[in-house]
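FYI, it's all coordinate maths here, none of it is from the lab. Every value quoted in this text rests on a predicted model; they were computed, and no experiment measured them. Neighbour counts run over all protein chains shown; Cβ positions are idealised from the backbone, glycine included.
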Amino acid sequence: MVDETPVTERRVLLVDDHPIVRHGLELLINQEDDLSVCGQTESAVETLDHIDEMNPDIVVVDISLRGSNGLELTKVLKESRSELPVLVLSMHDESLYAERALRSGARGYVMKQESADTLLKAIRKVLAGGVHLSERLSSNMLREFVDGNKTEGEKFGIETLSDRELEVFELIGRGQSTRKIADRLRLSVKTIETHRAHVKQKLKLDNATELVHRAFHWVETNDSAR
């Protein structure tokens, strides 16, 4: 006998500042019998303004948003809707941001370079109450926990940066100019310059050259550890 029990669709809210990305994700998710997209937003403000009417079961959020930061949005959602799970889907490497995402209240982290199947599995795992991280990152985090492997002063210094400051710092290390960073994060050049100044102050760097060298070394070190 064929089981005719209707499948309960779980509602997914997409938060990303690129319309093409949101559209592609919606097409992917809506093909699934047990998942459907209940709405799309491009910023933290828009998300918080409309989340009640969309009533999602899970929020899939990017880190870089229009005028805001996905990890800050995750923190707000954790405080205001502790029962609503958040899955971070981002272009940023998980080795740099996944731990921050979990500390912000996210229940998982998926890089945009991963397969569609990985994303769907992650959504279902988080909806079921689990936490999704790649096998590699899970192993690395467990090893750090067991070994107590916290890199002395430099890692402590990096950890003082805000989520947005870390984004800017990473992009500096990848050779991006202030203008390109501003365009990429959809912020003003003045705002990026302010973030650069804060990073220099927190990391006790004297000038822009030291900032670039420190950022390049940090990105190179993290990339080689992947």
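Do you know the Lys pair count in the chain for C-alpha distances under 17 Å, with sequence separation 8 or more or different chains?
Close lysine pairs found across the chain: 6.
Multiplying the residue separation of Lys121 and Glu9 by 0.36 nm and removing their Cα-Cα distance gives an extension gain of 38.8 nm. Residues Asp57, Asp117, Asp16 in ascending order of nearby Cβ atoms (within 10 Å, fewest first): Asp117, Asp57, Asp16. The charge dipole of the chain, taken about the Cα centre with unit charges on the Cβ atoms of Lys, Arg (+1) and Asp, Glu (-1), comes to about 900 debye, rounded to the nearest 20. In terms of the Cα gyration tensor, with a ≥ b ≥ c the square roots of its eigenvalues, is segment 153-224 rounded because a/c is under 1.5, prolate because a/b exceeds b/c, or oblate? Prolate.
Just to be sure I understand: with springs between alpha-carbon atoms less than 10 Å apart, which residue in Leu77, Leu27, Leu203 has the highest mean-square fluctuation in the Gaussian network model of the chain? Comparing Leu77, Leu27, Leu203 in the GNM, the peak value goes to Leu27. Sorting Glu135, Glu220 by the number of Cβ atoms found within 10 Å of their own Cβ, with the fewest placed first, yields Glu135, Glu220.
Could you list the GluC sites (Glu not before Pro) in segment 16-83 that lie in coil according to DSSP, counting only those with at most 10 other Cβ atoms within 10 Å of their Cβ?
Glu83
Mean residue ellipticity at 222 nm, helices only, the chain: -17500 deg cm²/dmol; runs of at least 4 DSSP H residues each add -39,500 (n - 2.57), and the sum is divided by the number of residues.
Largest first, the three principal axis extents of the alpha carbons in segment 12-126 are 34, 31, 25 Å in whole numbers. Extension gain for His23-Val212 works out to 64.4 nm (0.36 nm per residue, less the C-alpha to C-alpha distance). Just going by the charge dipole of segment 28-146, with Lys and Arg at +1 and Asp and Glu at -1 on Cβ, which of Gly130, Asn69, Ile58 is farthest out on the positive end? So the residue we want is Gly130.
What is the sum of charges around Lys75, taking Lys and Arg as +1, Asp and Glu as -1, for the other residues whose C-beta is under 12 Å from the C-beta of Lys75? Local net charge: +1.
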